[in-house]
Structures are given as C-alpha cells and as structure tokens.
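Got a structure for you, questions after.
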Amino acid sequence: MNTSRIQKKAPPHIRTSRTAPIILLDVIISILPLYFMAYIYYGLRVIVLGAIGALTCFLLNLIASALSSQKVNIYNIAPIVTGLLIPLALPAAIDYSIVICACAFSILVVEMPFGGCGFNFFNPAAAGIAFAAFCWPTSVFTYTEPLVKLPVFGKIVASSYSPAYYLKLGAVPKLDLVDLLTGEFVGPMGTSCVFALIAGFIFLLVRKVINWRTVLSYFVAVIAMFALFPRIHSDSISSVLLELCSGSVIFGGIFMVSEPVTAPKRNIPKYIYGFLIGIFTVLFRYYGGFEQGVAFAVLILNIFSPLLDLYSEKVIYYSRRVRIARKPKSSE
Amino acid sequence: MQENRNLPNDAKTDTFFGSRINRASVLRISRRLTVSVGNLFFKNPILVGGIILSPVISAVTTFRSGVAISIAVIIICIPSIIISELSSKYAPFWVSAIIGALVSALMSVPAYKMISPLSPDIFDNIGIYFPIIMLSSFSSAFTHNRKRRIFIWSVTDVVCAVCGFAFFAILIGSIREILAYGTFNGKLLGIEFKMSGVAMPFFGFILVGFILAIVQKIKNSTVFFKNLIKRRKEVQ
Amino acid sequence: MPLFSKGIILEQHKEPALSKNILQYPSEPSFFANPYPYSEFPSIEQLTDIARRANIIDEHDGALLADKLSFSSTKGHPVGIIADALDDDPYISSQLALALHQSDLISRGLHLCAVALKIKSICIMVYKNIYDLSIQIPTMIKNINVVRIKGKYPAENRIDNILGKSKRKLIIGTGALLHLARAVDENRIQTTCFVTVSGNCIAKPANVEFPIGLPVSSALDFCTVALDPTRVVVGGSMTGKSILDPSSELLTANSRAVLAFEDRRERRAFNCIGCSRCTEVCPQELAPFLIYKYTALEKYDELYRFDVARCDECGSCSYVCPAELDLADYVIKGKNYILKKMSDSGVTSASEQQDLIHRKNLKKLKKRRMRFVVITDISDSVKQIRNSLISVKRSITANNKTKKTQEENRP
Amino acid sequence: MKEFLIALLSAVTLQNILFTRGLGANPIFSISRRSYKTSALFCGFMAYFMLSLTALSFWVSPLLENLHTAFSSYVLRPIVYLLILTIIFAVTCFVLSKLFSDFFSENEKTITSACFNCAVFGTVLLTLSKPYSFMQSLGYASGACIGFILALIIVSEGQRRIELSPVPKSFKGLPVSLIYIGLISLAVYGLVGHQLPA
C-alpha cells in the first residue's frame, strides 16, 4: 500500500453527504414550479427573465470573489438562488435592464463588501427587490393581465394594477376563491399561484432545508394581524384571504424569511424573528410607501438578527448555570 | 503627517530674497508639498474621516448642486479652520471652536452671493444642507497634531484637503445625476434608462462607501508599488 | 433521558466486519507465574493481583484494570458492573464482536468481577440504532441481560441511568473482561488487543486480534488494502487521530480501530451558510458556528460566554456541516485554550460561581477524556506501556488532590 | 401631549436624522469606536444642546417673521440660530470650566464635538422650517436625539459584527460601515416610500 497520498486531517473523518450545493439545489428545485406556473400565464419571457437574473448573479459573484482576492468557487450556487428569486417578485412585463440592475445591486452591494457569499448581513433577494421598488416604482408595480402570452423582446405597455393596490386604496377587489388560489389575477410574476408556493414549501420542509420555526411564526403573525385589524370593512376571513394572496406575502414568507444566512440560529430567536417580520410586513403594507411590505420588513429585521444571536447565547449561558445550581446534588 | 527631519545638512547655503534658504530646506519644502498634495486624495481628513459627509450624501444629487456645495465649502471652511487653528494657539479649545463657528457664519453671506447666480432653483434642492456646512465639525479634524506644525503648512494642508473634498463632491454629483436623471449640468444625454433611486440618501451612503473603497484600493496598490520598488532596489 | 436526545443518526457501516468471527494474527502468547492455587472465583485481592501481573489495560478508558478493581473495592463501592460493548462510532465493532462471538469468556470475566466485588446487578451495554445488521443481537447473552442504549450518535451521556439512578457504576470494556478470564484460567499476560480494520479502502474488513506494538501498516496489510488511502485513522471514525505514515505508528491497548479512507474529491471552499444544523445537533447545546468564528480570528477572550468547556469532542457538529467546515477542530482548540487558561489562573475572569461549575466539568471531562487518549510514543516492551500509564494516572489523581487542598485552605 | 408623542415617533422612525436625512454621519463614526462612557457623555450633551436650542430659537422665531426676502429667510435665519447656539455653548462651557474644571478639561473635546455637529443644527433647522407648535418641535427634537442614540447602538453593534467577517482589504474601516448604514437606510426608507423634501 503506497503511503504517498496520506494527509493528516482533523477528526471526524466521515462527513454527511448533504453538502451545500445539494441543499441549494433543493431550493432551486422548489423554485421551479413557480416558473412553470408563470410560464403558463405569461409565456416564454418569464424563462428568459429567470435565466438572465441567475446568470448575472452567478457571474458577478465570481468576479466579486476574484476582486476581493478570495478563492473562486464554481460550485457556489447561492447567488443563482437569489438571481432566480428576484425576477419572481417583479411583474412579467418588466424589461431586462431592471432585472440586471437589481441582481447587480444584490450581489455587488449587499454581499461583496461584507466578505462574499456566506457573510452578508442583509437578505440579497429582499435588498434587490427593495432597490428595484425604489428606482422604478412605476414599472415595478404595474402589471399585465395573465394568460396573455408576452413577446420575449420589445417594450410592453403594462397598465393594470394588482389587488394589493386596490386594497391600499381601501376598495375590495372582486376575486372568487378559485382565482385567488390558482393565481389567475393580476400580480407579480411568480408569487400569485398559492398551490405552487405551498408545494415548494412542503418540499423544502420534507428535505429539512429550511427551519419551519421562522416561517410558522411569520404566518401566525401575518394572519393574526390581517384578521384582527382588517383595513377593508368586510368579514375577517375574506380579508385574510384577499390580503394573503394579493401581494407577495406568501412568497416572501417561504423564500425570504426562511433564508438561513441572515436568520438567527437558535430556536427562540427564530420565533421572535419570524413574528416581528410578520408584524412589520403588515405595518409596511398599511402605512408604508409601497404596496409590497415583505422585502422591507425582512431588511429591517436583518439588522437585529446578529443581536438576537449574541443575546440568546447569554440567555442560554445563564439558564444553564441556574439549571446546574438547581439540580439536586447527584450522589457522585 | 510626520515631518521627516533626517535630511542631509551639508547642502550649500545661499541667500535668497534675504532669507537663508539652503538646498536642504528647498528639498524639504518640495517633499512636504508632494506629501501635502498626496494627502489631497489618500489621507483626506474630510472624506477619510467623514467630516462634511452629510451634504454630500443627501444634497449632492446633480452636477450643479455638487459645484454649489464645493464652492460653499471652500468659501466657508477654509477661513474658519485657519482662524480657529490660529486662535487655538492662544485660547482654550472651546473658545477657538466658537470663533471658528462665528467666522463660518460670517463667511456664509459671500458664499450665498457666489452660489445664487448658479441657477434660480439651486437653493430648493440643496435645502437645509447649505447652513449645515457652517457647522459641520471640521474643527476637530485638523487639530490632532497642531502643536508641532508650522502655521504655513497647516494652511496648505487645509486648502489641499478642501480642494480634494470639492473634487469628490463634484465627482459624486455628476455620477448621481447621470445615473438618476440621465442629464449632465441640465443638458439631456439621451439615456432613457434612469434609476431614480440613486438620488435618495441611501444610495449616497453606498456610493460614498464605494468611492472611498476605490480610493483605498488605489492607495494600497500605490503603497504596494512603492514597497515593490524599494524591495527591488534593495535586491540590486 | 431528554425526550428528543440531541445528536445525529449515523449509518454504522459495521456489517462486513461484525458478522465474521474474529481472526487471529499469528503471535505466541506469553504466560506469568501465578502464585495462587487455581480457584473458580478468586477473592478481590487475588483478582487485582492477577490483573496487575497480567497487566490488563481496559480499552473503555485506557486505565489499568487492576487499579479500577482496587479503587472500586476500597473507595468506589459501585452498584453495578456494565460490560461496555457500546460501539456508537461508525466502522468500529471490536467490542460488540467480542460480546457476540466470544460471549462465554466475556460472561466468565463478568461473573469473576461480580463475585469478587459481591455485586449482583451486571449487564452488557449495546448501542441500539444499528440498522444495517445481518446478525441479530440477542436480548440475553449467557443469561446476562443486554441493555440497549437507544438515541442518536454520542450515546455516552445517556449511560448514567442504566441499572438504577445512582451514578456509581463500574464500566469495563469487553476486551479487558476477556483478558481477565484468560489470565485467571490460563495465566496469560495481555499481549494482544482486539482491533477492527475497515474503511472504504480495505478489501476484507474484519475484527482481528493483533499483538500490542504492531505497526499500523502491517495491520492494514493483514486485511489487504484495495485502494490507496488518503487518510489513515487510529481510534474511532468520529474521534480518532489521523496519522501521517502508518509504518512508524504502533497499536496500543485502547486503539480500538484502524481505518483507511479515500476521499473521492478535494474539499471545496464554502462559507458557513448559516443553516444552524450544528446548534441543533450539539449534545451540549453549544453554538459551534459562533465559536468557529471567534477562534478562527483568535478572539479567545470572548469565548467564555459560549461555555466551550462543556464540549465532549464528539465531532457531530462538523459531521453535519454542509459547508464542510472543521467546526469540531476549532471548538476543541478553543476549549483547550480556555481549560489551559483556567488551570493556569485557577480562577477565570468570570465570576467565582462560574468557576466552580467549570471545575466540576473539568473532573467529569478528565474521566471521559481518558477513554480516547491514544498513547503513541511507547517502546516495544510491554512493561514500558504499563508504567507510562500508571504515571499518567498518578499525575491526574495528584492534580485532583492539589485542587482539593487548594479548595480547603481557601476561606 | 399627544402631538408631542406623534412628533417624537415620526422623528425616531420615519425621519431618523441618520438613516433618512443622512445627517450626523461624522459624529457616528468618531463616537462608535470610543468607550461607552464617552459615547454616553456625548449623547447626553447633544440632547441637552438640541433641546435648549429648539426651545430658545422657537421663542426667537416670531421676531424674524417679517423678513420675507429669500436672502433673509435662507441665510439670516440660520445665522441667528447659530448665534443662539454659540451663546448657549459659551455659557455652559464657562460655567463648567469654573465649577467642574477637572471634568471639563478632561473631556472638552467631546463636549465641543457634541455641540458643533450637523445632527444638532440639522434638527433645529428641520423643526423650525415646519409649521410645528412648541410642544411638537420639542417632541421632534427629543425624537431626533433618541433616533440618533438608536442609530449609534445599531452601527456600533454592526461594526463589532463586521470585524468577524473577512472584509476585503480595500473595504475595511469607513467604507464598509458606510455601506452598512446605506443598507439600513434602504430598509427604513420603505416606510417613507418617496424622496423627503430637503
């Protein structure tokens, strides 16, 4: 047996087979049904938008890690996930330059200065969408009717508004239940079909990619706020249904709130983090400047997630002291 | 800014305009000038220390407002810093700060006169950031090593720092105008892709951050090159 | 036992080695002069003397069997004796194979100790969650009941509540019991140790009885190495020590496995994606990713807040990390720093009360650490091994004694 | 009392002087590295100056009501406020140097930088350009101060966290904190939604 290739490595010597690319591949798989539904409603343009978003994010991440003298890692798929998420929250009739700018902002400004892919403080997808909402407010919030095949290239006049816009003005949009669930109403590209979203969510839960704690507390907070303080004078059930399915509340909950890098790591802070994001989403939708509140709520809570981490360590440190002190003197 | 005193003193001395300036002091002055101009970009206390950043971040969104802010800074800050430094030699620190503030208040009148012909609505989009320049805490930036310096050099340092700031203000103003409104000094450039978010203060922070990073990268590479040259010289 | 015990479920890869019976490496046994007449069940003094002459080393925690017997008879007074056949590390099956294939000698050894120490409750401890088994583990081996420890990988901290609530139990490895039985019946000195040789580079993995002091390379060649290994490990697959050149490394009494792995692909440079799996998996509820960040940047003074001293080096955090970071390595480095600082200064900068708890952990930790200490620099003769082990044992007891005197004379 | 709270809340969240107005960037960086004692002192004196300045200048502003020319309303009014500020500062420094001379001589620099900085003067200019009643302007000033302290805590916590991550060499120090503040203000701007009047 030749001993040339033997190296000295630290224990443990066997590793799990679920490495980072496989986990991120699961996230991409859970995003694909949304693109499929969007393809049914808006045609081939959706696929091109997704491809452009993913490509710019991937290439910019390679350039950024090369610039900041880190090891260039081709197997790093995390920027592709942000690149796929950003176009989903934008209308299908948006032109390509806006998607490229949003993706460039989300990689170059949110991830590169803080040290690359795993060290960002803010959710890149949410920051990209927030930046797009600020820079092009008109073209980001005007949509086209679904089931109208859009041409792949060329300018498209988008004129109709999403139900969230009418809700903000206080009017009650007339949508029956089936339309709401299948997502056949005017809205962002991928966030309207509730079935595909729930399918992706269950897939992520079963594969244990995301932690159910943040998403569960987020939905509890959102549904509670919509039920208790409806802004449209109708019974609480229809207000909850209308509010949930209109803007990108469910989409943000599943893909932006559960993003692991910027979420706190312990269980108790995860509940707090998800609950506060839910409350802030509703506040932003009621009083904020835009009709879409998830992206800003996630960004605001990302400021406090490192604080939650450190202080949860302190709490566990002292609760363990108390537990040891209170345990009956073992007979050792 | 340390003074390097280890210059050769055996140079020939000749009287020049009646003052005894020998070759060594000429060498020292020229080196001192390069250091001071060098600081114009790399160790600019206003930008690196982040002194008068707030007008740049939120008010400078067009080329014209950049020019107005830089003119105001030049007119208001240079005399007030110099006079506050002069007075700090004789009066306690807080008295010199008050004198600086009063002088800057005084100088804001000619600054207003200089800026108003620029464009009729210049003062609407600058808004409250013109009076802010009067009071930005520049006095603390230049006082860290006041005791050892000859008065003349503090003047050149201040002038170079302020001109550096003016250059960066105009640069940022023009970048933001091209990106946000697609015009330059009011004239349309025919770019139809406009990012109106660039004119907001949050992008001001990000843009200033990136420009400082580029400046630091240039400084690192120059320092790197200087060391490289020095190392190569030692090798020969 | 906590409701959901923390840790990870591992595939154990025990199978090709466990079901085959134990091979013999050709080596001639050596005997010692036994002054006592042969008796079925010798008294405790005779038994400890026989164990000392046969210098049997217990592979459960590397201590001398004679010392353990004398300690438990004079001061320990344990409530029960447990035969340790708990191989919860993957690829290891040396103790479990002994319990299954040499069960008569094991039960003989157990009865010897039980009768000598006048203890009635004895049992064999086995790890339950081994799924890829081709032979069935019986519930009773030679009418000694087999206790199944269920739950996830680091199963040590769940031993405490078998055979009743009190913690005073004598745990002896199955190898030591077998050597004790041989020493009493055939007056044989322990010159061999039972080692599992396996890993994905070994063609025929098996449990083999090797003589102590055999170089690792010949142990590997005995089981025909198929591929060129990139990593040779002595000790457990999760906590063992990887060695550089196997020919200079020698087998000792408590190196329970020799494993040869081949890493298919080079490890890629990922960053921590913050999936918080390592905090869910850690049995001591630590936060390995934060400790990793602080020790990577040598910011040791803020480590006391993360309670690093509690880590019991099970290695499950870096097993489960999807970014393949060496979390366990850094956490252990941080822990050693904190323990060294505590033992130097005696009292950490934090409050006095916290130090008491740390000292309590220190004692528990030292007892557990002996289990995995692999003594490498030994000369070929067996006596050399014995007195190095004794000196280590004596230094630990001396260290504890000085600590006790420090506590008494403090007001 | 109600409009006091409304003004305070809007000053802390909606029009936070650091995140949405962009004022007060330099005191944040000069203070965030110092110890807790000096930053607490800095915030205390800043609050004192801000409140006293808004109170006094609110009392003075009706006198300037009749000046309507652009020059007077745009240059003369700030000069008057600056004079009031210098008078307050001179009085406090004089009193302090006489009574607690050692305390004053020790941290004279922090007191002057607490008084002469854009956060203090900016809030005064903002409050008096708005048609606020006396209670509202006081609420706005105290809200601005609380917002500034909150921003100081967030930024210093962020900087301590940034040191843990491998920031590229050219971004170390000021640029990274500026981008961090920029992203926070992007989040806070979601409440405002459009460009604030300068």
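Count, please, the residues in the range A:70-88 that happen to be part of a loop (DSSP other than H, G, I, E, B) and either of a type in the set (Phe, Trp, Tyr) or modelled with pLDDT of 90 or more (or both).
Qualifying residue count, the range A:70-88: 1.
Now for a different question. List the residue pairs whose Cβ atoms are under 9 Å apart, where the first residue sits in the range A:189-207 and is surrounded by 15 or more Cβ atoms within 10 Å (Cβ to Cβ), the second is among the basic types (Lys, Arg) and at pLDDT below 90, and the two are 6 or more positions apart or on different chains.
Between residues of the range A:189-207 that are surrounded by 15 or more Cβ atoms within 10 Å (Cβ to Cβ) and residues that are among the basic types (Lys, Arg) and at pLDDT below 90, the close pairs are A:207/A:18.
Out of the residues in the range C:100-131 that are more than 12 Å from residue C:85 (Cα to Cα) and of a type in the set (Gly, Ala, Ser), state the one that is farthest from the chain's Cα centre (by Cα).
Checked the range C:100-131; the qualifying residue farthest from the chain's Cα centre (by Cα) is C:116.
Select, from A:29, A:22, the only residue that is part of a helix (DSSP H, G or I), loosely packed, with under 15 Cβ neighbours inside 10 Å and within 10 Å of another protein chain (Cβ to nearest Cβ).
Selected residue: A:22, the only one of A:29, A:22 that is part of a helix (DSSP H, G or I), loosely packed, with under 15 Cβ neighbours inside 10 Å and within 10 Å of another protein chain (Cβ to nearest Cβ).
For (1) farther than 24 Å from residue A:305 by Cα; (2) modelled with pLDDT of 95 or more; (3) over 14 Å from the mean Cα position of the chain (by Cα); (4) facing another protein chain (nearest Cβ under 8 Å), each residue gets a yes or a no:
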site	(1), (2), (3), (4)
A:98	yes, no, yes, no
A:106	no, no, no, no
A:128	no, no, no, no
A:137	yes, no, yes, yes
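Results for (1) within 14 Å of chain A (Cβ to nearest Cβ); (2) more than 29 Å from residue C:83 (Cα to Cα), shown as yes or no for each residue.
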{"site": "C:187", "(1), (2)": "no, no"}
{"site": "C:216", "(1), (2)": "yes, no"}
{"site": "C:221", "(1), (2)": "yes, yes"}
{"site": "C:229", "(1), (2)": "yes, yes"}
{"site": "C:237", "(1), (2)": "yes, no"}
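Related question: So for the range A:239-254 (the condition being away from every other protein chain (no Cβ under 11 Å), under 30 Å from residue A:141 (Cα atoms) and not in a helix (DSSP H, G or I)), does at least one residue qualify?
Yes, some residue in the range A:239-254 is away from every other protein chain (no Cβ under 11 Å), under 30 Å from residue A:141 (Cα atoms) and not in a helix (DSSP H, G or I).
Matching residues to (1) surrounded by fewer than 23 Cβ atoms within 10 Å (Cβ to Cβ); (2) over 21 Å from residue D:148 (Cα atoms); (3) within 12 Å of chain B (Cβ to nearest Cβ):
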position	(1), (2), (3)
D:10	yes, no, no
D:20	yes, no, yes
D:29	yes, no, yes
D:32	yes, no, yes
D:49	no, no, yes
D:56	yes, yes, no
D:84	yes, yes, yes
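Let me ask you something else. In the range C:301-348, which residues are touching a residue at least 60 places away in the same chain (Cβ under 8 Å) and in a loop (DSSP other than H, G, I, E, B)?
Those that are touching a residue at least 60 places away in the same chain (Cβ under 8 Å) and in a loop (DSSP other than H, G, I, E, B): C:312, C:313, C:314, C:315, C:346.
Select from the range C:209-231 the residues that are β-branched (Val, Ile, Thr) and within 11 Å of residue C:197 (Cβ to Cβ) and list them in ascending order. Can you show your working first?
Initially, the range C:209-231 is screened for residues β-branched (Val, Ile, Thr), giving C:212, C:216, C:224-225, C:230.
Of everything in the range C:209-231, those that are β-branched (Val, Ile, Thr) and within 11 Å of residue C:197 (Cβ to Cβ) turn out to be C:216, C:224, C:225.
Here's something else I'd like to know. Please enumerate the residues belonging to the range C:244-276 that are at the interface with chain A (Cβ under 8 Å from one of its Cβ atoms) and more than 30 Å from residue C:213 (Cα to Cα).
Correct list: C:268, C:269, C:270, C:271, C:272, C:273, C:274, C:275, C:276.
Residue-by-condition table, conditions (1) more than 14 Å from chain A (Cβ to nearest Cβ); (2) part of a helix (DSSP H, G or I); (3) under 28 Å from residue C:393 (Cα atoms); (4) in contact (Cβ under 8 Å) with a residue 12 or more places away in the chain:
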position: C:72; (1), (2), (3), (4): no, yes, yes, yes
position: C:75; (1), (2), (3), (4): no, yes, yes, no
position: C:78; (1), (2), (3), (4): no, no, yes, yes
position: C:84; (1), (2), (3), (4): yes, no, yes, yes
position: C:88; (1), (2), (3), (4): no, no, yes, yes
position: C:98; (1), (2), (3), (4): yes, yes, yes, yes
position: C:111; (1), (2), (3), (4): yes, yes, yes, yes
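Residues are listed down the side, and each one gets a yes or a no for (1) buried (at least 22 other Cβ atoms within 10 Å of the Cβ); (2) modelled with pLDDT under 75:
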| site | (1), (2) |
| --- | --- |
| B:126 | yes, no |
| B:148 | no, yes |
| B:174 | no, no |
| B:184 | no, no |
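Right, next: Output the number of residues of the range C:221-237 satisfying the condition of being closer than 22 Å to residue C:266 by Cβ and crowded, with 24+ Cβ neighbours inside 10 Å.
Looking only at the range C:221-237, we keep the residues that are closer than 22 Å to residue C:266 by Cβ, and these are C:225-233, C:237.
Among the residues that remain, those that are also crowded, with 24+ Cβ neighbours inside 10 Å are: C:229, C:232-233, C:237.
Total meeting the criteria: 4.
Another question about this same structure. Go over the candidates C:295, C:279, C:252 one by one and state the one that is among the β-branched types (Val, Ile, Thr) and over 30 Å from residue A:70 (Cβ atoms).
Working: C:295 fails: over 30 Å from residue A:70 (Cβ atoms); C:279 fails: over 30 Å from residue A:70 (Cβ atoms).
Exactly one of C:295, C:279, C:252 is among the β-branched types (Val, Ile, Thr) and over 30 Å from residue A:70 (Cβ atoms), namely C:252.
Exactly one of these conditions fails for residue A:2: (1) buried (at least 23 other Cβ atoms within 10 Å of the Cβ); (2) over 22 Å from the mean Cα position of the chain (by Cα). Give me its number.
(1)
A further question on this structure: If residue C:299 passes every condition in (1) more than 11 Å from chain A (Cβ to nearest Cβ); (2) at pLDDT 85 or above but one, which one does it miss?
Going through (1) more than 11 Å from chain A (Cβ to nearest Cβ); (2) at pLDDT 85 or above one by one, residue C:299 breaks only (2).
Would you call residue A:102 more than 13 Å from chain C (Cβ to nearest Cβ) and in a loop (DSSP other than H, G, I, E, B)?
no
Quick one: would you say residue D:42 is touching a Lys or Arg at 6+ places or on another chain (Cβ under 9 Å), of a type outside the set (Val, Ile, Thr) and either closer than 18 Å to residue B:54 by Cα or modelled with pLDDT of 85 or more (or both)?
Values: touching a Lys or Arg at 6+ places or on another chain (Cβ under 9 Å): yes; of a type outside the set (Val, Ile, Thr): yes; either closer than 18 Å to residue B:54 by Cα or modelled with pLDDT of 85 or more (or both): yes.
When the stated conditions are applied, residue D:42 passes them.
Can you tell me how many residues in the range C:9-24 are out of contact with any Phe, Trp or Tyr (no Cβ under 9 Å at 6 or more places or on another chain) and either surrounded by fewer than 21 Cβ atoms within 10 Å (Cβ to Cβ) or more than 12 Å from residue C:195 (Cα to Cα) (or both)?
Of the residues in that region, 6 qualify.
Would you confirm, using the coordinates I've provided, whether residue B:114 is more than 9 Å from chain D (Cβ to nearest Cβ), closer than 21 Å to residue D:77 by Cβ and out of contact with any Phe, Trp or Tyr (no Cβ under 6 Å at 6 or more places or on another chain)? Step through it out loud before you land on a result.
Working: more than 9 Å from chain D (Cβ to nearest Cβ): yes; closer than 21 Å to residue D:77 by Cβ: yes; out of contact with any Phe, Trp or Tyr (no Cβ under 6 Å at 6 or more places or on another chain): yes.
Yes: the conditions hold for residue B:114.
Identify the residue in the range C:27-64 that is part of a helix (DSSP H, G or I) and of a type in the set (A, V, I, L, M, F, W, C) and, among all such residues, is farthest from residue C:81 (Cα to Cα).
Within the range C:27-64, the match that is farthest from residue C:81 (Cα to Cα) is C:50.
Hey, does the range A:238-251 have a residue that's hydroxyl-bearing (Ser, Thr, Tyr) and at pLDDT 90 or above? Walk me through how you get there before you give the answer.
Going residue by residue through the range A:238-251, those that are hydroxyl-bearing (Ser, Thr, Tyr) are A:238-239, A:246, A:248.
Adding the requirement that they be at pLDDT 90 or above leaves none.
No: zero hits.
Kindly provide the set of residues from the range A:160-184 that are assigned to a loop (DSSP other than H, G, I, E, B), without any contact (Cβ under 8 Å) to a residue 40 or more places away in the chain and touching an Asp or Glu at 6+ places or on another chain (Cβ under 9 Å), ordered by number.
Within the range A:160-184, A:161 is the sole residue that qualifies.
The values are calculated or read from the model by the stated rules, or taken from the named source; none is laboratory data. Nothing here was measured: the structure is a model prediction, and the numbers come from that model. For neighbour counting, all protein chains shown are included, and Cβ atoms are generated from backbone atoms with ideal geometry for every residue, glycine included.
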